[in-house]
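The structure appears below as structure tokens.
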Amino acid sequence: MSQTCSARTMIKRISRSEEGKEFLSQRVAQIQQVLLDNPDNGLAHASLSSFFHKLEKSKDALKHLNKAQKCGILSNEFLWKEEILRRQVQSEETRDMTDLSKCYQRMPDSKQVERRAAADLSVSEFFFKYCLRQVPLVITGGVDIMLQERWTLDLIKQVAGLKQVCLKHLVNDSMQWARLEQSTCTTVGKFIDSVCGQNASCDYLFDWSLPLHCPELLSQLVIPKYFAGDFLQRVAPGSLYRDSWPSLFIAANGVNSELHIDTFGSNFWMAMLQGKKRWTLFSPADKNFLYPDYDDSLDPVFQVDLRNPDLSAFPLLSLTHPQQCVLEPGDLLFVPSGCAHRVENLTLSLAISANFVDLSNFPLVKKELHYRSLVDPNAQELLHQFDDLNFPSKMFSKQTDLSWERFKKWPRHDYNVYDIT
Ligand SMILES: O=C(O)CCC(=O)C(=O)O
Ligand SMILES: [Fe+2]
């Protein structure tokens with residue numbers, strides 16, 4: 001317990017301890033007693049639901065949440081919790097219904113992620129063959145489209161060295177997304193020195209927004225045609241996620257991000273600038289066989305440990321469909337919405353990435369924003385724009401690469417010739 005961690009992670013640790021479980025079970029018994037006298041006590045049902053949830057008894061938690069709602073305890077937060085519990089129950093039921101005799105005692109072999117040269121890949125082929133079918137792809141030479149001169153750690157240090165950054169670090173039993181918790185804050189320059197030094201840091205400069213923190217780096221960037229139609233650039237300035245990406249990643253050899261699915265149904269790309277990363281990806285259909293734990297979030301952590309897979313505890317892992325690739329400088333990776341992934345930095349590495357929305361994930365993104373909007377007004381505002389019948393949701397098969405400036409001022413005047421609907 002020596003590593004610093006979030007309250008959420010600490011609460012999970014305590015509720016999984018013997019004393020924690022005993023305390024929670026006693027509370028359950030007390031509330032059940034109250035309900036014997038007054039079965040329509042909505043608040044008691046709501047509270048019982050929370051205690052069952054902490055005891056990881058999701059079916060009971062969902063049952064009592066629904067009873068609380070029937071007793072008139074209605075709020076958006078309860079609808080949000082209901083969806084979290086529904087996801088948990090559904091994943092457990094899917095596993096219960098799966099025939100264990102089909103499982104093996106080892107992980108399936110990983111297939112290699114397909115690789116295609118940017119020079120031979122049209123926007124239409126990318127969209128219909130990979131994006132729409134949720135097939136990951138490495139676009140080789142993709143980074144040459146994006147930068148005339150590839151960024152290096154030296155350049156990042158020159159331009160952003162004095163800026164403040166808050167780092168992440170991996171905590172094995174973290175309940176935070178990707179099992180990454182907040183670590184120390186420092187300057188970009190000091191962090192780069194520390195990852196280049198002898199005793200490289202275990203911290204991760206992870207998803208550091210360039211538009212927010214270092215826009216001066218972006219003026220030279222070109223957004224490849226495959227991602228240039230990002231719907232997040234068609235919403236009002238200030239809207240959620242519109243200016244979050246691209247973001248920067250720097251890590252020493254051996255630093256990882258654990259299994260996760262990118263949030264709000266977004267698609268994702270990553271451009272590898274320096275060093276190597278090994279990606280392991282699963283198809284969206286594998287999600288429940290990776291043993292998601294939704295805890296208090298719509299974005300689960302996964303109970304399986306891919307470094308040392310325990311097939312006795314998690315037998316359905318043997319029925320998944322892993323794909324792997326090692327990203328090298330110049331590679332541009334596309335990760336479709338809904339694909340769980342884990343990333344290992346095989347060397348000191350530098351990369352940029354972005355999440356995006358297009359026609360391939362638009363329905364999923366709207367569904368995810370609907371649930372997030374129950375507790376997040378910014379998600380509600382974004383959804384409102386996406387839901388507008390006049391929202392420009394067509395794409396263009398002859399889309400060209402766009403300079404950063406043109407990408408941010410999406411050239412709407414061309415919209416009448418857009419042909420992918
Ligand atoms: O490079 C990494 O560690 C993973 C990046 C990633 O998956 C993300 O930002 O969602
Ligand atoms: Fe990710």
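Where a number appears in this text, it was derived from the coordinates with a stated rule and is not lab data. The structure presented is a predicted model; accordingly, all values stated were derived computationally and were not measured. So basically every Cβ, Gly included, is an ideal-geometry build from the backbone, and we count neighbours across all protein chains shown.
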Query - Entries in Lys225/Lys409; Lys168/Lys287; Lys111/Lys277 that, when Cα-Cα distance is taken, lie over 18 Å - result: Lys168/Lys287
Query raised in the report: Say each of Ser124 and Leu100 gets a label point 7 Å from the Cα, pointing the same way as Cα to Cβ; how far apart are those two points in nm?
Result: 5.1
Report task. With a cut-off of 18 Å, note down the residues of region 221-246 whose backbone N falls inside the zone around a label point 7 Å from the Cα of Lys163 toward its beta carbon. Result -> 221-223, 238, 241-246
Requested in this report: Calculate the dipole size of the chain relative to its Cα centre from +1 charges on Lys and Arg beta carbons and -1 charges on Asp and Glu beta carbons; express the result in debye to the nearest 20.
Outcome: 220
Query raised in the report: Among 379-391, 229-241, 98-110, how do they line up from the highest to the lowest mean number of other beta-carbon atoms within 10 Å?
Result: 229-241, 379-391, 98-110
Report task. Obtain the nm distance between the two label points defined at Asn38 and Arg278 by a simple spin-label model: each point lies 7 Å from its Cα along the Cα-to-C-beta direction. Result -> 5.9
Query raised in the report: Do the alpha carbons of any pairs in Lys129/Lys408; Lys190/Lys408; Lys81/Lys367; Lys102/Lys366; Lys21/Lys63; Lys366/Lys398 sit beyond 24 Å of each other, and which pairs?
Result: Lys129/Lys408; Lys190/Lys408; Lys102/Lys366; Lys366/Lys398
Report summary line: Isolated cysteines for the chain, Cβ-Cβ cutoff 4.7 Å, are Cys5, Cys71, Cys103, Cys131, Cys196, Cys202, Cys214, Cys325, Cys339
Query raised in the report: About its Cα centre, what dipole magnitude does region 14-140 give when the only charges are +1 on Lys and Arg Cβ and -1 on Asp and Glu Cβ, stated in debye to the nearest 20?
Result: 300
Query raised in the report: Mind checking which of Ala68, Ala178, Ala313 has the largest fluctuation in a GNM of the chain, springs on alpha carbons under 10 Å?
Result: Ala313
Report summary line: For the chain, longest principal axis from Cα atoms; helix 362-372 axis from its Cα atoms; angle between them, nearest 10 degrees, is 40
Query - Degrees between helix 7-16 axis and first principal axis of the chain (Cα, 0 to 90, nearest 10) - result: 40
Report summary line: Scoring the chain by relative contact order with C-alpha pairs under 8 Å, at least six apart, yields a percentage of 20
Query raised in the report: Looking at Cys166, His370, Tyr294, which one has the Cα that reaches farthest to the positive end of the dipole of region 111-417 (charges on Cβ: Lys, Arg +1; Asp, Glu -1)?
Result: His370
Report task. Return the FRET efficiency for the residue pair Leu346, Glu22: r is the Cβ-Cβ distance, R0 is 56 Å, and the value is rounded to the nearest 0.05. Result -> 0.80
Requested in this report: Pop a pseudo-label 7 angstrom from the Cα along the beta-carbon direction at both Gln220 and Lys409 and give the gap in nm to one decimal.
Outcome: 2.3
